[in-house]
Amino acid sequence: MTLTIGPLRAEPGQKTRGSLPADLGTTTVEVPLILVNGSRPGPRVVITGGVHGGEFIGVDAPTRLAGLLEPDEVAGQVVICPVANPPAVYGGRLNISPLDGVNINRVFPGDKDGGPTDRMAAWLFENLIDGADAYVDLHSGGIDQHLLDFVGYRLTSDDELGGKIKAMAHAVGYERVIFGTSPDGGNSHAAANRQGVPAILVETGQLGDRDPATVRRLLDGLYRLLHHLGVIEAPQHLAPVTVQPRDWIWTGEVESPVAGLWYPDAATGDEVTEGQTIGRIIDPVDGAEHKVAAVSTGTIIYCMNGLSVRPGTHLAAIATPHD
């Protein structure tokens, strides 16, 4: 079948590159797309990067993948969007859009009649994600964030869908596979699940890392996932999995209660207990100190490295093995 998204077309055995305009109300942005239409039938897989700005590995890896995938080696269709949220990526505003200050990964599936970020989310769902057989959203620790690599997914009441999602998450080959217990929320993969699309989130690298070895780690994970989905044969160069994926469960997120300067006392990978002080926020005006405590017991999976914070800033996320 011909792969068509807007005016972009890829016949079977063809790769097409281009961009499509997304009307965000106050402005129009160009969204880059690479369509890889395989020479044999198979699933349609959608890969997005650049949902957030300042997360370079998640933009670099799918860009490289688009150059490496050849249609003759593909069964099915692969749609790659390396910059899914151009205002945030090119505006350099980390996880929020400079157009409206909104985190797109809190408003999926969006609203085509809403503000700029809601419209961007709705455009991605309408043009890319709806009707996909599998969806993977690539993220990394931004320039202000320490992070351990992990794959994220959500539980769902649909057993068949849930089985596909969990299998996808484990196929990436990362040690930590962390699930959320609620299907609700505006994350891309949760919203896709609610529309019947098996979807996962992959987090790779930290502090705005763009090292080739980190990119290679994510590329290997994507190759494993595409092989699991039946899109490609297992590449000969694929690095072996050295650890077995293990299910973890999120136990809590720590948010800043006040504005000020953040001084952590615990680091990513540390084991903490509920109520333990994990950092302090200092008021730069009068030097007053506000202690911040862990909201649950477990391992810190990611934490804030930036100095300045405001109310609601995510300071840390905690998870624990689900054995």
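The values are calculated or read from the model by the stated rules, or taken from the named source; none is laboratory data. Because the structure is predicted, anything quoted here is derived from the model rather than measured. When we count neighbours, we look across all protein chains shown, and the Cβ atoms used for this are built from the backbone with ideal geometry, even at glycine. In case anyone asks, the SASA skips ligands and DNA or RNA and just uses the protein heavy atoms, side chains included. Shrake-Rupley method; radii C 1.70, N 1.55, O 1.52, S 1.80 Å.
Some observations on this one:
- Globularity index of region 221-260, i.e. its alpha-carbon radius of gyration over 2.2 N^0.38 Å: 2.04
- Share of carbon and sulfur in the accessible area of the chain stands at 49%, probe radius 1.4 Å.
- Compactness of region 1-55, taken as the C-alpha radius of gyration over 2.2 N^0.38 Å, stands at 1.33.
- Extended-chain gain in nm, criterion 0.36 nm per residue less alpha-carbon gap, THR242 and GLU175: 23.2 nm
- Over the chain, accessible surface divided per residue gives 42 Å², non-protein components excluded, 1.4 Å probe.
- Rounded FRET efficiency, nearest 0.05, which uses the C-beta distance separating LEU68 from SER308 and R0 of 51 Å: 0.85
- CD proxy at 222 nm, helix term only [per DSSP H run n ≥ 4: -39500 (n - 2.57); per residue of the chain; nearest 500]: -6000 deg cm²/dmol
- Summed residue charge, Cβ within 13 Å of ALA171's Cβ, Lys/Arg positive, Asp/Glu negative: +2
- Computed as a quarter of the hull surface, the mean projected area of the alpha carbon convex hull for the chain stands at 16.4 nm².
- Remark: spin-label model distance ARG216-LEU155 equals 3.9 nm, labels positioned 7 Å along the Cα→Cβ axis.
- Quarter the surface of the alpha carbon convex hull of region 85-233 and you get the mean projected area, 9.0 square nanometres.
- Region 35-110: proportion of alpha-carbon pairs further apart than 16 angstrom, %: 53
- Annotation: lysines with alpha-carbon distance below 30 angstrom to LYS164 (same-chain offsets under eight excluded): LYS15, LYS112.
- Cα gyration tensor, region 160-231 - rounded (a/c under 1.5), prolate or oblate: oblate
- Dimensionless Rg over Rh [region 180-323; C-alpha; Kirkwood]: 1.04
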